[in-house]
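Working notes, beginning with the structure itself.
Quick note: the coordinates plus some simple rules give every number you see, no bench work behind them. Note that the coordinates shown come from a computational prediction; the quantities given were computed from them, not determined experimentally. Don't worry about glycine lacking a Cβ; one is built from the backbone with ideal geometry, like all the others, and counts go over all protein chains shown.
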Amino acid sequence: MPEKIVIIGAGQAGAQAVQSLRAEGFGGGITLIGEESWPPYQRPPLSKAYLLGQFERPRLFLKPDSFYAEAGCELRLNARARAIHRAERLVEMESGPSIAYDKLLLATGTRVRKLTCPGAELPGVHYLRGIDDVDALQAVFQSGARLAVVGGGYIGLEVAAVAAKRGLDVTVFEAMDRLMARAVSPQLSAFYAAEHAKAGVKLMLRTGVEAIQGTDRVEGIRAGGTVYPADIVLVGIGVLANDDLARVAGLGCEDGIIVDKNARTGDAHIWAAGDCTRHVGHEGHAIRLECVQNAIDQAKHAALAMVGRPKDYSEVPWFWSDQYDLKLQIAGLARPTDMIVQRGDPANRKFAVFHLRDGAVAAVEAVNAAPEYMIGKKLVAEGRRIAPERLADLSVPMKQMAA
Amino acid sequence: MAAKTITVTYIEDGGKEHRIAVPEGWSLMEGAVKHLVPGIDADCGGACACATCQVFVDPAWEDKLAPKSDMEETMLDFAPETKPNSRLSCQIAATPDLDGIVLRLPKSQH
């Protein structure tokens, strides 16, 4: 009997795994199980060009439809796994017969964190995770509409930028004292706050949302004791790892499915990759990432391990965000205790913030600054030590920093 | 899908040719990736964030392309083994005047 690999989760990591398994010479059967009705697609454009209407739907799909058939991969859409029976090596489905596996890859990703305040279920409250979410949002994105964005993170701010461009009246409510607090340095938060303000977006920091108000649908939002009228609410308050299947099956989970450097779980027949994993990061401790880079690279490493050629995964994570004409590119993981070195003047809308830890470059945040990002990523990977004053000196080209 | 397409020829490092109909408005990176042309990784999906979709533009077509943006220029600076005719294929849109363009692919994008 040829070996059978089952992949639960038809997102970026799942699609990459199919491609990598075949590229690495796996000749057995592959079944890819996805809950959505769409074949694997890219999520990053959803909150950016796709929402703006500048990127039509067919462009979102990661592979042509023919790919799965040509790769000998059975694609099961609108299908949801209910349980993993490890002893029998079976995936029990919500409907239809169970699927047997020799090896199983969990690429289940994340789901949005839901608002729990009163009124959270009212029509007019939107989330953004999949194509269907954006299509629903687009349908109500009318110029002049009042949009309340709950959460000043990547998703909320990317949507705010698109909405401002499309003429909506936008207010962002953020409970913390700065934007993207979980993801970027205070310097970046301040810069982006100013840019959003310039575009006419109202920012309410330190303002937790208490209730969504309305009788049949959203009419307002109560935050910080004040009621603000609103026609649409977009909630972007983070995501939760889809680790329930794994946890119920008795696999180790801790805000994510715990895997080693080869994407292996505690079960010798089960691997996991992408946003749903808690893995050993490039700095040597357990992390959970939400990014395309990790989905792709970890899926590649899982595929290698599944075909018996494991290779340790320790890539430096990278991220990007498009807001207005600003391209933010980040490599590495910053900590609040890092020493901060700014290179370039934010007033020029082209600058970078480096994070030094014990003298070594640990992370870089670059705004419209590709050399700082590309070289910075290399410096992070090498743990290169560079004097702060040299890093800040624009007369020293980035290329020389790496020399 | 857009009704009109242009023909793009992608030539792998090993010499294998792929003639692909790419919808107008799509990037030449997407034309390759969506037809499984090996040799273009495009990890970021076309956001000009990863420099893994480098191509070498056939000299006969170089003049027809819009100039590189600063971002593309600097990203290319750090891509492996670039040549003067290197471009990031995610930054080239399929337009009617590029019908017939020939792109050569590097051995590796990493």
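Bin by bin, in steps of 5 Å, what percent of the Cα pairs in the stretch A:150-220 do you find, going until the bin that has the longest distance?
Result, from short to long distances: 4, 17, 26, 25, 16, 9, 3, 1, 0 percent.
As an exercise, use a Förster radius of 56 Å and the Cβ-Cβ distance of residue A:197 and residue A:1 to find the FRET efficiency, rounded to the nearest 0.05.
Computed FRET efficiency for residue A:197 and residue A:1 comes out at 0.35.
What's the exposure ranking of A:131, A:30, A:8, going from fewest to most Cβ atoms within 10 Å?
Arranged by neighbour count, lowest to highest, A:131, A:30, A:8 become A:131, A:30, A:8.
Enumerate the lysines that residue A:198 could reach by cross-link, defined here as Cα to Cα under 21 Å, with residues fewer than 8 away along the same chain left out.
Cα-Cα hits under 21 Å: A:48, A:165, A:327, A:350.
Which whole number gives the average, over all residues in B:46-53, of C-beta atoms from other chains lying within 10 Å of the residue C-beta?
Taking all residues of B:46-53 together, the mean is 6.
If each DSSP helix of 4+ residues adds -39,500 (n - 2.57) and the sum is divided by the residues in the protein assembly as shown, what number results at 222 nm, nearest 500 deg cm²/dmol?
Counting only the DSSP helices, I get -6000 deg cm²/dmol.
I'm checking a number: the convex hull volume of the Cα atoms of chain A, normalised per residue, in Å³. What is it?
It comes to 150 Å³ per residue, whole-number rounded.
Show me the three semi-axes of the equivalent ellipsoid for the stretch A:325-402, from the C-alpha gyration tensor (sqrt of 5 times each eigenvalue), largest first, rounded to whole Å.
Result for the stretch A:325-402: semi-axes of 17, 13, 12 Å.
Please rank A:319, A:354, A:61, fewest neighbouring Cβ atoms within 10 Å first, as an exposure proxy.
A:61, A:319, A:354
Semi-axes, largest first, in whole Å: what does sqrt of 5 times each Cα gyration tensor eigenvalue give for the stretch B:5-104?
18, 15, 14
Stretch residue A:78-residue A:117 to full length: gain in nm at 0.36 nm per residue minus the Cα-Cα span?
11.0 nm
Determine, for A:358, B:58, the number of other Cβ atoms within 10 Å of each Cβ, and report the residues in order from fewest to most.
A:358, B:58
Rounded to the nearest angstrom and ordered from largest down, what semi-axes does the equivalent ellipsoid of the stretch A:267-337 get from its C-alpha gyration tensor (root of 5λ)?
Values for the stretch A:267-337, descending: 26, 14, 10 Å.
Would you give the gap between the C-alpha center of the stretch A:1-57 and the C-alpha center of the stretch A:356-403, rounded to a whole Å?
Cα centroid of the stretch A:1-57 versus Cα centroid of the stretch A:356-403: 34 Å apart.
For a Förster distance of 41 Å, can you work out the FRET efficiency between the beta-carbons of residue A:182 and residue A:215, rounded to the nearest 0.05?
0.75
Under 27 Å Cα-Cα from residue A:311, which lysines qualify once same-chain neighbours fewer than 8 residues away are excluded?
A:4, A:63, A:103, A:261, A:300, A:377, A:378, B:107
Report the paramagnetic label zone for residue B:24: residues of the stretch A:41-69 whose backbone N is under 19 Å from a point 7 Å from Cα along the Cα-to-Cβ axis.
A:54-59
Most mobile of B:13, B:77, B:63 per a Gaussian network model of chain B (Cα springs, under 10 Å)?
Comparing B:13, B:77, B:63 in the GNM, the peak value goes to B:63.
Distance between the C-alpha centers of the stretch A:119-136 and the stretch A:238-272? Whole Å please.
Here the two parts' Cα centres lie 28 Å apart.
Which residue, chosen from A:331, A:191, A:284, occupies the Cα position most advanced towards the positive end of the dipole of the protein assembly as shown, where the dipole is computed from +1 (Lys, Arg) and -1 (Asp, Glu) charges on Cβ about the Cα centre?
A:284
Once label points are set 7 Å from the Cα along Cα→Cβ at both residue A:260 and residue A:240, what is their separation, rounded to one decimal in nm?
3.0
Express in whole angstrom the spacing between the alpha-carbon centres of the stretch B:49-110 and the stretch A:170-200.
35
Return the distance in nm (one decimal) between the two label points of a simple spin-label model at residue A:140 and residue A:312, each offset 7 Å from Cα along Cα→Cβ.
Result: 5.0 nm between the two label points.
Antiparallel DSSP bridges in the protein assembly as shown: what percent, to the nearest 5?
Expressed as a percentage, antiparallel bridges in the protein assembly as shown total about 60.
Considering the dipole of the stretch B:5-104 built from charges on the beta carbon (Lys and Arg +1, Asp and Glu -1) around the Cα centre, which of B:101, B:47, B:79 is farthest to its positive end?
B:101
When only alpha-carbon atoms are used, what values of Rg and Dmax, in angstrom, describe the stretch A:175-257?
17.6, 51
Where nothing but the Cβ of Lys and Arg (+1) and of Asp and Glu (-1) is charged, how large is the charge dipole of the protein assembly as shown around its Cα centre, in debye to the nearest 20?
So the magnitude is around 460 debye.
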